[in-house]
1. Any idea which of (1) open to solvent by less than 50 Å² (accessible area, probe 1.4 Å); (2) at pLDDT below 90 is the one V464 doesn't satisfy?
2. Is there any pair with a first residue in the range 358-371 that is within 13 Å of I391 (Cβ to Cβ) and a second that is modelled with pLDDT of 85 or more and surrounded by 12 or more Cβ atoms within 10 Å (Cβ to Cβ) whose Cβ atoms are under 7 Å apart and which are 6 or more apart or on different chains, and what are they?
3. If G93 satisfies all but one of (1) under 23 Å from the mean Cα position of the chain (by Cα); (2) at positive phi, what's the number of the condition it fails?
4. From (1) part of a loop (DSSP other than H, G, I, E, B); (2) of a type in the set (G, A, S); (3) within 30 Å of V56 (Cβ to Cβ), pick out the condition that doesn't hold for S339.
5. Out of everything in the range 226-250 that is over 22 Å from the mean Cα position of the chain (by Cα), open to solvent by 10 Å² or more (accessible area, probe 1.4 Å) and not hydrophobic (A, V, I, L, M, F, W, C), what residue ends up being nearest to A149 (Cα to Cα)?
6. From the list S446, S471, S458, which one is at pLDDT 85 or above and open to solvent by less than 40 Å² (accessible area, probe 1.4 Å)?
7. Is it the case that K160 is under 29 Å from F212 (Cα atoms), more than 24 Å from the chain's Cα centre (by Cα) and basic (K, R)?
8. Taking the stated definitions as given, is L223 over 29 Å from the mean Cα position of the chain (by Cα) and either modelled with pLDDT of 90 or more or open to solvent by 10 Å² or more (accessible area, probe 1.4 Å) (or both)?
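The values are calculated or read from the model by the stated rules, or taken from the named source; none is laboratory data. This structure is a prediction, so every number in the text was calculated from the model and none was measured. No Cβ is skipped: glycine too gets one built from the backbone with ideal geometry, and neighbour counts run over all protein chains shown. The accessibility values were calculated without ligands, DNA or RNA, using every heavy atom of the protein model including side chains. Shrake-Rupley method; radii C 1.70, N 1.55, O 1.52, S 1.80 Å.
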Amino acid sequence: LPVVLCLESLGSHRLPCFCAPSMASDAGGSQLEQQCVLLFSDNQRLKRFRPTTWKVQGRGRAFSRGNTFDGEGLTDMTCCLDSDTLLAFTEDGLVFTIQVSGIPLAKKMNGSSTELSDLVPEWDAGKRIVAFFAIPHQKSLADVTDKFALLVSERGMAKKVSLDKLRGLRTGKAVQCMSLEPWDKLRCAHLISEGQGQILVCATTQGYVLRFAIDKNFRSASLTGPCVSAVRLRVTDRLASVAVQDVTPEELAVSSMAAQELNGDGVFDDGSDQEGAAAEDEAVEASAKKASKTRCILIITAAGMGKRVSLSYARMRLSNRGMHGRRAIRLAPQDRVVSVSVVTGETKELMPARSAFSIFHAEHQNDEMKENDITAAYANGNETEGDASRIKRNALIFSRLPEEERKVYRDRAHGRRLEAAEYYKRVEGLLIGSVDGRVSRLAVPSVPVMSTACMGKSIIKGAVSAVCRFSPGGPLPDTAEPPQKRRKTLALL
């Protein structure tokens, strides 16, 4: 029977960073500036698609058909706007710019791709892109003093660089923004803001997660300045992915109190009475816990397993920078984490859109078979017991209904499809890429929320290489339609 699926996707081959939406991707932007998805292949080739190129599918299914790079593997992807400028970072700490509008928009899955050397003439084929984020093209980097690039290496070292220090960037010219040890490599890059309460979420390949506030103690450094420790790793562990979370004032207050207790003697020196201070602290923590229930941390592994963990879960509480992470997900022996992100905690999932007959069958599947239905079923060689016989019986009854009654069911099915289409335009979506270049789209609410450090559920069947989230309410094309799960239907209809 036709069933509507929800959105979400995934892939694995390399340890990618989770790429956040562009800083210009607010819902109030021009409708001409539509969201797009950039895909990167193993051979440094790029393609640009619309997020709605892929139809929504359900959790636990195989990747969509169609290889995006004709036999090449997919290494990473990011969501941005058509007018954005992409800051791309190599594994040795170099950064250069790419104009998104310079990459042709692909109309078909097997369309031609763009060589990176065509966009960056002086590109060294021996280098490799590992992280990127987008900034508005109309802004000059010299004027951007309230935005920073947060760079994190696979050994857990981090650096915060103001964007105005990258004003020397020109097309085809790279700038060294992070100096790394010979045994270390750059893993992730994110755009953060000055003065806003933000939290960095670090996930390691072995399933440990650390959350700490990006506060005034995390100071900006020059291009040649030193790095600081972001997360302490076990001997065989490496950083897999990071995400940036915007926090409420209550959560920021909890972070400040935790830091004061760990760095001082545990007593607040504001002269207030201890009982009153304790009551105030409890009220702040309760408010922060209530605010965090609406958001979750999404973790996806290379084998296609995944889960959402609520920020109110005790293991996800805020810690200090440079500490060990806490176990968030258990992994199979050969599995590893490839992506972490902060997503909605919404669990409501729209019921699948259905055809006219499936609505009719759902309402009449438990009806008793009448004598004339039994006679008709026997006449067609069907048994009179079991689900299959009920479907065939109801299909026969539906085919004999008057046209006016069947039209009522068709109108109801059309209304369900419109309702589902509007829902998928508002909900957060995931694009998941595989090691063989295939991409699938899923809905964030379809990923289960779990409060224990278990293995999670199967999100997609296949090896995951990249994950990209696109925000709800963005300027998406109006052609998005909820996909339907197709099965072999009866020849009676």
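1. Every listed condition holds for V464 apart from (2).
2. Correct list of pairs: F360/F398; F360/Y409.
3. If we test G93 against (1) under 23 Å from the mean Cα position of the chain (by Cα); (2) at positive phi, just (1) comes out false.
4. Of the numbered conditions (1) part of a loop (DSSP other than H, G, I, E, B); (2) of a type in the set (G, A, S); (3) within 30 Å of V56 (Cβ to Cβ), the odd one out for S339 is (1).
5. Here the answer is P226.
6. Details: S471 fails: at pLDDT 85 or above; S458 fails: open to solvent by less than 40 Å² (accessible area, probe 1.4 Å).
The unique qualifying residue is S446.
7. Working: under 29 Å from F212 (Cα atoms): yes; more than 24 Å from the chain's Cα centre (by Cα): no; basic (K, R): yes.
So K160 does not fit the description; no.
8. Spelling it out, L223 is indeed over 29 Å from the mean Cα position of the chain (by Cα) and either modelled with pLDDT of 90 or more or open to solvent by 10 Å² or more (accessible area, probe 1.4 Å) (or both).
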